[in-house]
1. Could you please let me know if residue 48 is modelled with pLDDT of 75 or more, surrounded by fewer than 15 Cβ atoms within 10 Å (Cβ to Cβ) and under 15 Å from residue 26 (Cα atoms)?
2. Suppose the filter is farther than 21 Å from residue 117 by Cβ, among the hydroxyl-bearing types (Ser, Thr, Tyr) and modelled with pLDDT of 90 or more; does residue 29 pass it?
3. Say we look at region 10-34 and pick out the residues that are of a type in the set (Asp, Glu) and either touching a helix residue (DSSP H, G or I) at 6+ places or on another chain (Cβ under 7 Å) or more than 21 Å from residue 50 (Cβ to Cβ) (or both); which of these is surrounded by the fewest Cβ atoms within 10 Å (Cβ to Cβ)?
4. Test each condition in (1) surrounded by 17 or more Cβ atoms within 10 Å (Cβ to Cβ); (2) at pLDDT below 85 for residue 85 and report the one that comes out false.
5. In region 73-80, is there at least one residue being of a type outside the set (Val, Ile, Thr) and at pLDDT 80 or above?
6. Could you check region 1-41 and list, in sequence order, the residues that are more than 28 Å from the chain's Cα centre (by Cα) and not in a helix (DSSP H, G or I)?
7. What are the residue pairs meeting all of these: first residue in region 8-21, first residue assigned by TED's automatic domain parsing to the domain that holds residue 88, second residue part of a strand (DSSP E or B) and among the charged types (D, E, K, R), Cβ atoms under 8 Å, and 6 or more apart or on different chains?
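The values are calculated or read from the model by the stated rules, or taken from the named source; none is laboratory data. This is a predicted model, so every value here is computed, not measured. Every residue, glycine among them, receives a Cβ derived from its backbone with ideal geometry; neighbour counts consider all protein chains shown.
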Amino acid sequence: MEQIEIIQSKIYEIRGQKVMLDHDLAEMYGVETRAMNQAVKRNIERFPADFMFQLTTEETLNWRSQIVMSNSIKMGMRRNPYVFTELGVAMLSSVLKSPTAIQVNIGIMRAFVAVRQIVALPPVDKYTELKQYMEEVFADQNDINEDTRMQLELINQTLAELQTEKRLEEMPRRRIGFVK
């Protein structure tokens, strides 16, 4: 999987916002989650509510059930995680200054842009595409049916004329002349 695709798979929608979990970000940056969160807390003025927030217990349980995390303590999830919006991830680059953090941050920003483009330009709905195709087929079929109907009328009219001519030919003629 390409790096951007890996990052995109770790972008979730929570509270109507695209966010990344502190655990995933720390893993990508190559630091402990605890160390990253401490760096954020030392610079908390850089992370307003639209940059970062902590999940409620209900949101955490809902999120865990969606990703089927069986043992949250073993996975390092003893508390509700912090999540970072795109702006918060960008701000992390000013808090985490290692070369790895800078490169990872660039990849994450590209992934957020790619997700935004996917949302802005959704793929063509297959149902709508199929419906449009069927409408075109039915329109073509109606044109063919109209042509066929006109041809059948012409055939019926020609047959009627031929039958009329045949009846005229089959009518017994009176002989002209002297009849005994």
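1. Criteria not met by residue 48.
2. When the stated conditions are applied, residue 29 does not pass them.
3. Within region 10-34, the first condition is being of a type in the set (Asp, Glu), and the residues that meet it are 13, 22, 24, 27, 32.
Narrowing the set further to residues that are either touching a helix residue (DSSP H, G or I) at 6+ places or on another chain (Cβ under 7 Å) or more than 21 Å from residue 50 (Cβ to Cβ) (or both) leaves 22, 27, 32.
Values: 22: 22, 27: 16, 32: 13.
Going through the qualifying residues, I end up with 32.
4. So residue 85 meets the others, but not (2).
5. For region 73-80, residues of a type outside the set (Val, Ile, Thr) and at pLDDT 80 or above: present.
6. Matches in region 1-41: 30, 31, 32.
7. As it stands, the answer is 11/18; 12/18; 19/13, since those pairs meet every condition given.
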